[in-house]
Amino acid sequence: MIHVHDLTYRYPGQSRPALLDVNLDVPAGQFCAVVGANAAGKSTLCYALTGFVPHFYRGKLQGTISVAGRDLLQTPPGELAGEIGLVFQNPFNQITGARFTVREEVAFGLENLGLPREEILSRIDEALALTGLADVADRSPYALSGGQQQRLAIASMVVMRPRVLVLDEPTSQLDPVGTREVFAALSALAAAGDTTVVLAEHKLEWLAAFAQRVVALSGGQIVADGPPREVLTSPEIKGCGVGQTRYTQAARVAQRDGLVPADKPLPITLQQAIDFFT
Amino acid sequence: MSETFSIYLARESGLHRLHPLTKLALAGFSMVAGLALPGLWLTYAAFAVVMLPVAAWGKILGAYARAVWRLLLPFAVSLLLVQGLFWTGGTPLIRVGPLSLKLEGVIFAVRSSGRILLVTGGFLLLALSTRPDALMIALAQRGMPRSIAYIVLTTLQIVPRFQAKADAILDAQRSRGLETEGNILRRVRALLPLIVPLVLGSILDIEERAIALEARGFSHPGPKTSLLVLADSASQVAARWGLLAGMVVLIVARLVAGCWA
């Protein structure tokens, strides 16, 4: 579904590339997480997978990007709407402001795609149910909490039924409650399984719960790529400022002190930690 | 704080259910009538006989009367004072010391106030009884650029956000010791640390907003649809043409009368 080959990209006016020799293949339906420190290239990768790099930001790009069968270097982002979705950090800036209720806000993208009204209505109900927003459907988008607004942004993308959905740190501006709400919506999306999801995120414990794959970026390069448990406990990830889950940290201490055999695989979720320590 | 910078009042009424363009046509007709009707009292009569009953039908009579009153009063008072007191020549009505109220000035003020009453009355009726998005969608369906509809609608919603953001910045600057009270000079000086973050922050937001809009297919080629259904009818189409014809008649009649006079 996603094929990135030898991608190197530099923002205009920058001497250092934001992405360097990135190769990434994501099969259809996979839930792939991208981790990395600030300025590691997560956002740039998200923009590259949605066509905003290079079409919106310009700059110098080498390599190829193909998503959902489209050559992104030849296709402007406006044409990709509905096929590739993007959710980003600031919930407030993703609200169009041109619609007065949550329901109409979700409908905005479908109106732009020119879908018939009956289809729009049934799709809205589905998207609001998935994101848990059915109760606030008739309220103003601006009357919602940050977590609700971010779920609204997700609903507004999911409703367009994109084949690929890219999320750039959707919980970075949210409190713990809002974060939990957004991840509940994402796990519902992951469980449905028909959307290929790329999620750039800092919060490792949440990722560990349902990502099928983790890609670690450092200095614009991919430094680790594989199953979450393998990547999040790998030695490569220690140097790139991503951190570790608290389960991994506790397990490392236990292994260092000889409480647990050194060959036992390190845990990244609560369940794995329980198995590790018992 | 209200969510939207708009005076629309949601009611279940026949006026609310009218197609936005029908109400826009009525507002246009009212404006032309306000400018074209002759005499001193015809505009007031038209307002009382047409606009007030329509507002009552729309269940917004109280709010409508208040809005018209608030808008008209400052104009009427200043017209009366300026024209009444400073009309050159003319017949004095009342004398107070060196000042005198002139009949011709009062007549001019009454006539002008009547014009303002009808010109603004129609548009206030439209604004109070029509959802802004319904009006914009109706206009966009008739060929107005969608970007204009977008700009108008976001402005309505962003103005209150902008105020909230300005308040937050002001609080932040105050907590760092910025003095915002006192004489004019001090207040003007306090404006700069408020405006710079507000404007720069908003410019940075534009980039994200543009991306968000693109991702929602704003520039997607092809025909658009709308969730909001704008009910229209043959009689409303006829009424709109009638109002348009009425405007032409009023303008022509006014021009002809002007030529004779």
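Derivation of every value follows stated rules applied to the coordinates shown; laboratory data play no part. Every value quoted in this text rests on a predicted model; they were computed, and no experiment measured them. A quick note on method: Cβ atoms are made from the backbone with ideal geometry, for glycine too, and the neighbour counts reach across all protein chains shown.
Quick notes on this structure:
- Full extension of the chain between residue B:185 and residue B:249 yields a length gain of 17.5 nm, computed as 0.36 nm times the residue separation minus the alpha carbon distance.
- Hypothetical label at residue B:107: residues of the range B:78-99 whose amide nitrogen lies under 19 Å (7 Å Cα-Cβ projection): B:79-95
- Per residue of peptide A:90-96, the mean number of Cβ atoms on other chains within 10 Å of the residue Cβ is 6.
- For the peptides B:55-63, A:233-241, the ranking by packing is B:55-63, A:233-241, with the highest mean count of neighbouring Cβ atoms within 10 Å listed first.
- Measuring spread by the Cα atoms of the range B:144-215 yields a radius of gyration and Dmax of 15.7, 49 Å.
- Using θ = phi - 60° in the Karplus curve 6.51 cos²θ - 1.76 cosθ + 1.60, the 3J(HN,Hα) couplings for the range B:235-247 round to 5, 5, 4, 4, 4, 5, 5, x, 5, 4, 4, x, 4 Hz; x is entered for Gly and Pro.
- Residue of B:176, B:111, B:17 that the Gaussian network model of chain B assigns the largest fluctuation, springs spanning Cα pairs under 10 Å: B:176
- CD proxy at 222 nm, helix term only [per DSSP H run n ≥ 4: -39500 (n - 2.57); per residue of chain B; nearest 500]: -24000 deg cm²/dmol
- Shape annotation for chain A: C-alpha extents along the principal axes are 64, 44, 30 Å, from largest to smallest.
- Taking amide H atoms as placed 1.01 Å from N in the peptide plane, the amide H of residue A:260 lies under 5 Å from those of A:255, each 5 or more residues away in sequence or on another chain.
- Sparse packing (at most 14 other Cβ atoms within 10 Å of the Cβ) combined with a DSSP loop state is found for the following GluC sites (Glu not before Pro) in the range B:152-261: B:179, B:181.
- Rounded to whole numbers, the Karplus 3J(HN,Hα) couplings from phi for the range B:142-150 are 8, x, 5, x, 5, 5, 5, 4, 4 Hz, using 6.51 cos²θ - 1.76 cosθ + 1.60 with θ = phi - 60°, and x at Gly and Pro.
- Considering helices alone, the calculated mean residue ellipticity of chain A at 222 nm is -11000 deg cm²/dmol, with DSSP H runs of length four and up weighted by -39500 (n - 2.57) and normalised per residue.
- For the range A:1-95, the set of trypsin sites (Lys or Arg not before Pro) satisfying both a DSSP loop assignment and a count of at most 11 other C-beta atoms within 10 Å is given as A:58.
- Here the Karplus curve 6.51 cos²θ - 1.76 cosθ + 1.60, taken at θ = phi - 60°, turns the phi angles of the range B:69-81 into couplings of 4, 5, 6, 6, 3, x, 5, 4, 5, 5, 4, 4, 5 Hz, with x standing for Gly and Pro.
- Highest-MSF residue in chain A out of A:43, A:145, A:187 [GNM, Cα springs under 10 Å]: A:145
- Extent along principal axes [Cα atoms of the range A:107-182; Å; largest to smallest]: 38, 28, 18
- Cα convex hull of chain B, projected area averaged across orientations, nm²: 21.4 nm²
- Environment charge at residue A:59 (Cβ cut-off 15 Å; Lys +1, Arg +1, Asp -1, Glu -1): +3
- For residues of B:142-152, the mean tally of beta carbons on other chains within 10 Å: 1
- Within the shell defined by Cβ-Cβ distances under 12 Å, the residues around residue A:82 carry a net charge of +1, with Lys and Arg each +1 and Asp and Glu each -1.
- Ordered by the number of other Cβ atoms lying within 10 Å of each residue's own Cβ, fewest first, B:144, A:1 fall into the sequence B:144, A:1.
- Counting only DSSP beta bridges with both residues in the protein assembly as shown, the antiparallel share comes to about 55 percent.
- For A:107-116, mean number of other protein chain Cβ atoms within 10 Å: 6
- Volume per residue that the Cα convex hull of the range B:77-231 spans, once the total is divided by residue count, Å³: 220 Å³
- 20 Å-binned pair-distance histogram of the protein assembly as shown (Cα, whole percent): 18, 39, 28, 12, 3, 0
- For residue A:217, distant residues with modelled amide H under 5 Å away: A:35, A:36, A:223
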